[in-house]
Amino acid sequence: MNSKNNLRSIRLEISAGVLQSVFDECDRYDHHETGGRLVGHYELKNDTLVVQANGLLPAGPKAKRSQTSFFQDGEFQTRMFRQLEEQDPTIEHLGNWHTHHVNGYPTLSGGDIATYQRIVNHEFHNLNFFYALLVTRKLKGRTGLDRYVVRHFLLFRDDENVYEVEPRDVHITKGYVASLSSVALTEEEATSETAQHNEPKGSIAVRALDQAILKVLYPSLKPRLSKRTGTFFWKGNVVLIDGSVAAVKAIEVESEDELVYYPVVSNVSNEITKLCESPYKSAVEAVRALEVSMNKELYTSATQNRFWNIWKR
Ligand SMILES: [Zn+2]
């Protein structure tokens, strides 16, 4: 893709799930700026740049927020992005979103624009454009996708202008896509809530290792203890290759003096149901096995329905 000059128009397709996650995050950070990265795909259709924002990378545990500034946890996001990319090589970092409704500034600040221009002109930036979503206002008394006002901007390589996408060129799509934002954790939340009583032999070591790895790969998974049955399990979300989120668990079972973990997920195929009947030696392995199988199914169904190879770099 070349610069804006070669384009006739822009069409922005943003998934309702992405907007919903953005707004949920805005609800959580009512007084401080927040944001995240937007990921997805793009294509050129007859001189129209079609930007499809269908996933989010949360700000990350080390993000810094104030009323007038917001810094993301880049390391965390890069790790998450690599993970997505491994499974969907066509996924792109399209841009960022952040909020101004908390400070009332209705448009991108000079600092925002300078940052985005630096990114889009960087030799290692994959795309020749950068998409910026800005939340500018909270509408009292409104619900759902009407509760915030957003503006969409595009910046292009070698072009000093900032282009606002006209509302008529913004299309909210229904495709089930998801919020990686539910994966966002603060450091405090990520620390162990692991129960310290009635431990089967060896459980501390396995759980500690699980905790260390899950914290990096699946940060939304948290340790839980069923009060009723005393069962220990991990519960959280796994982000799949299409950006959707699956709620999963890994349930710990003591089996002949050793601990095993069974993956659990609902509404899945027979094949995955079968996989959930096999024990794994750690929660990480259980969740990973689930993730791989679910992605395989998503990929298979997508390749049956869509042209996948067109936009390979
Ligand atoms: Zn800003």
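The values are calculated or read from the model by the stated rules, or taken from the named source; none is laboratory data. All of these numbers come straight from a predicted model, not from anything done at the bench. Reconstructed Cβ throughout: ideal geometry from the backbone, glycine too, with neighbour counts over all protein chains shown. The accessibility values were calculated without ligands, DNA or RNA, using every heavy atom of the protein model including side chains. Shrake-Rupley method; radii C 1.70, N 1.55, O 1.52, S 1.80 Å.
Test Ala59 against the criterion of being modelled with pLDDT of 90 or more, in contact with a helix residue (DSSP H, G or I) (Cβ under 9 Å, 6 or more places away or on another chain), closer than 22 Å to Val149 by Cβ and in the same structural domain as Thr173 (by TED's automatic domain parsing), and give yes or no.
So Ala59 does not fit the description; no.
Which of the residues that make up the range 246-260 are on the phi < 0 side of the Ramachandran plot and out of contact with any Ser or Thr (no Cβ under 6 Å at 6 or more places or on another chain)?
Listed by number, the residues that qualify are Ala246, Ala247, Val248, Lys249, Ala250, Ile251, Glu252, Val253, Glu254, Ser255, Glu258, Val260.
Say we look at the range 241-264 and pick out the residues that are part of a loop (DSSP other than H, G, I, E, B) and out of contact with any strand residue (DSSP E or B) (no Cβ under 6 Å at 6 or more places or on another chain); which of these is most open to solvent (accessible area, probe 1.4 Å)?
Glu256
Yes or no: the range 87-101 includes at least one residue that is of a type in the set (A, V, I, L, M, F, W, C), out of contact with any helix residue (DSSP H, G or I) (no Cβ under 7 Å at 6 or more places or on another chain) and open to solvent by 40 Å² or more (accessible area, probe 1.4 Å).
The answer is no; no qualifying residue exists.
Which is more than 16 Å from the ligand (Cβ to nearest atom), out of contact with any helix residue (DSSP H, G or I) (no Cβ under 6 Å at 6 or more places or on another chain), at pLDDT below 90 and of a type in the set (D, E, K, R), of Asp47, Asp27?
That would be Asp47, the only listed residue that is more than 16 Å from the ligand (Cβ to nearest atom), out of contact with any helix residue (DSSP H, G or I) (no Cβ under 6 Å at 6 or more places or on another chain), at pLDDT below 90 and of a type in the set (D, E, K, R).
Which one of these does Lys62 not meet: (1) touching a residue at least 60 places away in the same chain (Cβ under 8 Å); (2) charged (D, E, K, R); (3) within 16 Å of the ligand (Cβ to nearest atom)?
If we test Lys62 against (1) touching a residue at least 60 places away in the same chain (Cβ under 8 Å); (2) charged (D, E, K, R); (3) within 16 Å of the ligand (Cβ to nearest atom), just (3) comes out false.
I want to confirm something. Restricting to the range 265-290 and keeping residues that are assigned to a helix (DSSP H, G or I) and open to solvent by 40 Å² or more (accessible area, probe 1.4 Å), which single residue is nearest to Val245 (Cα to Cα)?
Filtering the range 265-290 for residues that are assigned to a helix (DSSP H, G or I) and open to solvent by 40 Å² or more (accessible area, probe 1.4 Å), the one nearest to Val245 (Cα to Cα) comes out as Arg288.
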